[in-house]
1. Helix 15-27 versus the longest principal axis of the chain: what angle, 0 to 90°, nearest 10, using Cα atoms?
2. Starting from the alpha-carbon convex hull of segment 2-51, give the projected area averaged over all orientations, in nm².
3. If you place +1 on the Cβ of every Lys and Arg, -1 on the Cβ of every Asp and Glu, and leave all else neutral, what size is the dipole of segment 1-116 about its Cα centre, to the nearest 20 Debye?
4. Which sequence of R18, R91 reflects their accessible areas, 1.4 Å probe, from the largest down?
5. Could you tally the net charge around K15, taking each other residue with its Cβ under 10 Å from the Cβ of K15, Lys/Arg +1 and Asp/Glu -1?
6. What do you get for the angle between helix 87-100 and the principal long axis of the chain? Use alpha-carbon atoms, 0 to 90 degrees, nearest ten.
7. What pairs in K4/K99; K15/K69; K11/K165; K99/K161; K5/K140; K4/K37 have C-alpha atoms more than 18 Å from each other?
8. Taking only protein heavy atoms into account and a 1.4 Å probe, give the accessible area per residue of segment 61-100 in Å².
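The values are calculated or read from the model by the stated rules, or taken from the named source; none is laboratory data. None of these values were measured; they are calculated from a predicted model. Note that each Cβ is placed from the backbone with ideal geometry, even for glycine, and that neighbours are counted across all protein chains shown. Side chains included, ligands, DNA and RNA excluded: accessible areas come from the protein's heavy atoms. Shrake-Rupley method; radii C 1.70, N 1.55, O 1.52, S 1.80 Å.
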Amino acid sequence: MIGKKTPNPKKSSSKSRRVVGLTNYITAPESENSLEKCVHSEADNFLTEDLQSQQIEMIALSTTAVRSKDPIDHYLVSWQEGETPTIEQAREAVQITMKHLGLEGHQVIWGLHDDTENVHIHIAVNRVHPETLKVVEINKGFQNNAIQQAAAIVEKLQGWKTHDKARFKTDELGHLITDNKNRPKVFEKPGKQQEPSGPAKDK
């Protein structure tokens with residue numbers, strides 16, 4: 001699996017435009033591009049049930065973070081070609097991802113898309129905590145590392161094939177493997193074996 005943070009293409013836009021534009025795309029991409037398709041979408045940690053009201057909730061909470069210009073994050077989690085997750089597996093993948101990012105209980109709207117060779121999930125999450133109103137900083141700002149770690153955990157727990165471009169390792173239980181400084185280990189790229197030089201080579 002691959003996980004990545006998708007940058008905001010319109011950084012100058014208001015929080016309301018950011019929320020509405022992103023969540024409309026996630027839940028109904030076909031309204032802008034007939035080739036794109038959302039097969040299932042859900043929202044968690046809202047008081048209301050319809051999308052328009054949830055958008056209003058997300059905008060209202062995001063605007064309480066006056067020092068944060070864009071507290072709405074957009075993440076993509078993608079399976080490999082030929083892998084077809086169920087809706088239950090997609091929901092579990094979102095839950096695992098939110099937990100790993102430290103965003104449990106936060107407002108989230110996600111959609112399962114099946115418009116490319118790789119089934120994938122788009123996730124919009126509000127980093128403003130609904131109770132403390134503080135903006136959560138994910139992995140000290142290294143959000144791409146965090147989402148890639150989450151993808152590796154989902155991959156192991158759900159039994160998918162390890163992606164060739166996977167950066168982080170997990171054990172059989174889906175826990176990140178860390179080094180002696182408690183840092184997640186990354187896959188080592190094979191390098192050219194160095195030959196001995198000087199006296200060692202002569203021997």
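1. With rounding to tens, the tilt is 70 degrees.
2. Quarter of the Cα hull surface area: 4.9 nm².
3. That gives a dipole near 860 debye.
4. R91, R18
5. Around K15, the surrounding residues sum to +2.
6. 70
7. K11/K165; K99/K161; K4/K37
8. Result: 50 Å² per residue.
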